[in-house]
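Some notes on the structure that comes next.
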C-alpha cells in the first residue's frame, strides 16, 4: 500500500492495478507511462521500535514515535497523528512513522535528522536492498517489461529522492536554515543522500527495463531555495546523475513544479532531458518565455493546472488553456499533461474537456 515509497494508499494497489490504469488511458487514445521505484534496505543490526503517546495539556494530538537503534546510536522520529477525515482516493497518514513521507513534514515534532550527529546513524537506514528485495524487484521488472513492450508504453524509474529527502528528513525550515548557516552539515547530509540516490540508480539501470530515470524535486523549487543555493548544492549532483543515466542510453527527467524560469540556467547546466512540470498559473509568466529558454535544450511536460483549471474551470476555459499551452510550448519538445496529477476531486467532465481540446489541437496540426 506504499506508493513509490512515499505515500500510503487507503487500499491495496498491485502492479496489475497499474496495468489496468494504462489500458484504460490507452483506450481513450492517450499516452501513459508505468512508474517503478527500486527498493532499498536497512542494515541488519538496526532495530526498530514503534509506539504512540497520548495527548497532553501541551500537546493535543497523539504522537507517532519511531526509534531506530543503530550501531552509531539511536535515531528518533516523532510526528503528530492528526486523524483527518480522508476522502475516497486520497492518500492517508500511516499508523507509524515512515522515514520518507509527505505527511511527516508539517506534523513533525522531532524530524529524523536534527544535526550532524545524526548523519552516521542515517547511513544505516539507507542501505542497498537485501538479496530477497533485489530478487523481488527483478521479478517485478520482468513482468513490467513484458507488459510495457506488449502495449508500447514507457517505463520511468524514480530512483532519485534528492532535495525531497532533505525535506522529509529535516523538515523544510531546518533544511533551509542549515543550508545558509551550517553549510558543512547540510553538504554532509546531501552527500549521504546523493550516494544513496546514485546506488539506487545504478542498481535500477543494471536490472534494466527502465526507459527513463526520474528525479524528485518538488522541494527544490524557488518556494524553498534561491538559484544560488540550487547552484551550490543541487546542480553538481544532478549533473552526475544525468550523466549516469546518459551513459546507459537513458534520458533523465527532473520534477519541479514552480520556478522553471528562475532555475532555468541551473536546470540547463544539469543536462536534464525533460522537466516535469510547467504550471502556467504557478509559473506566473508567459509560457512563451519558457519555450524560448528551453527550446532545443530540454523538453517540458505540463501546461495545464490541475488544481485550478481542471478543478473548477469551465469547458471554454479548459479549451483555451489547452490551446494556449500547445501554442506557446509546442508543437515539439512538449508533453501536454495536468500539473502535477489528476486528483480524486478532479471532475471527470473537465478531464473529458481537456482530452477533447487536445484532440482538436492535434487535428488542426
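Just a yes or no: is a residue in the range 24-34 within 25 Å of residue 112 (Cβ to Cβ) and part of a strand (DSSP E or B)? Step through it out loud before you land on a result.
Taking the range 24-34 as the starting set, the residues that turn out to be within 25 Å of residue 112 (Cβ to Cβ) are none.
Within the range 24-34 (the criterion being within 25 Å of residue 112 (Cβ to Cβ) and part of a strand (DSSP E or B)), the answer is no, since none of the residues qualifies.
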Practice task
Check off (1) touching a strand residue (DSSP E or B) at 6+ places or on another chain (Cβ under 7 Å); (2) on the phi < 0 side of the Ramachandran plot; (3) buried (at least 17 other Cβ atoms within 10 Å of the Cβ); (4) touching a residue at least 60 places away in the same chain (Cβ under 8 Å) for residue 147 and give me the number that stays unchecked.
Solution key: (1)
Exercise for the section: Could you tell me which numbered condition residue 102 fails, if it satisfies all but one of (1) in contact (Cβ under 8 Å) with a residue 24 or more places away in the chain; (2) within 17 Å of residue 52 (Cβ to Cβ); (3) assigned to a loop (DSSP other than H, G, I, E, B)? Expected result: (2)
Practice task
Take residue 44 and decide whether it is modelled with pLDDT of 95 or more, surrounded by fewer than 16 Cβ atoms within 10 Å (Cβ to Cβ) and either over 21 Å from the mean Cα position of the chain (by Cα) or not in a strand (DSSP E or B) (or both).
Solution key: yes
Exercise for the section: May I ask you to list the residues in the range 226-282 that are out of contact with any strand residue (DSSP E or B) (no Cβ under 9 Å at 6 or more places or on another chain), surrounded by fewer than 24 Cβ atoms within 10 Å (Cβ to Cβ) and not in a helix (DSSP H, G or I)? Expected result: 226, 249, 258, 259, 261, 262
Problem - Subset tally (residues that are over 16 Å from the mean Cα position of the chain (by Cα) and either part of a loop (DSSP other than H, G, I, E, B) or surrounded by 21 or more Cβ atoms within 10 Å (Cβ to Cβ) (or both)) for the range 193-204 - result: 1
Handout entry: Scope the range 205-217; condition part of a helix (DSSP H, G or I) and buried (at least 19 other Cβ atoms within 10 Å of the Cβ); matching residues
Key = 205
Exercise for the section: Could you tell me whether any residue of the range 178-199 is in contact with a strand residue (DSSP E or B) (Cβ under 6 Å, 6 or more places away or on another chain) and closer than 30 Å to residue 135 by Cβ? Expected result: yes
Completion exercise
Of 187, 133, 149, the only residue that is part of a helix (DSSP H, G or I), farther than 25 Å from residue 18 by Cβ and more than 20 Å from the chain's Cα centre (by Cα) is 187
Completion exercise
Note on residue 53: of the conditions (1) out of contact with any strand residue (DSSP E or B) (no Cβ under 6 Å at 6 or more places or on another chain); (2) surrounded by 12 or more Cβ atoms within 10 Å (Cβ to Cβ), unmet is (1)
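Residues are listed down the side, and each one gets a yes or a no for (1) touching a residue at least 24 places away in the same chain (Cβ under 8 Å); (2) assigned to a loop (DSSP other than H, G, I, E, B); (3) over 26 Å from residue 197 (Cβ atoms):
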| position | (1), (2), (3) |
| --- | --- |
| 12 | no, yes, yes |
| 17 | no, no, yes |
| 22 | yes, no, yes |
| 60 | no, yes, yes |
| 64 | yes, no, yes |
| 75 | yes, no, no |
| 80 | yes, no, yes |
| 89 | yes, yes, yes |
Practice task
Quick one: residue 73 ticks every box in (1) out of contact with any strand residue (DSSP E or B) (no Cβ under 8 Å at 6 or more places or on another chain); (2) closer than 17 Å to residue 130 by Cα except a single one, so which number is it?
Solution key: (2)
Handout entry: Residue satisfying condition, being within 21 Å of residue 218 (Cα to Cα) and in contact (Cβ under 8 Å) with a residue 40 or more places away in the chain, within set 256, 263
Key = 263
Practice task
Pairs only if they're at least six apart or on different chains, beta carbon under 7 angstrom, first in the range 350-365 and modelled with pLDDT under 95, second crowded, with 16+ Cβ neighbours inside 10 Å; list them, first residue then second.
Solution key: 361/322; 361/326
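The values are calculated or read from the model by the stated rules, or taken from the named source; none is laboratory data. As the structure is a prediction and not an experimental result, all values here were calculated from the model. Heads up, the Cβs are rebuilt from the backbone with ideal geometry, glycines too, and the neighbour counts pull from every protein chain shown.
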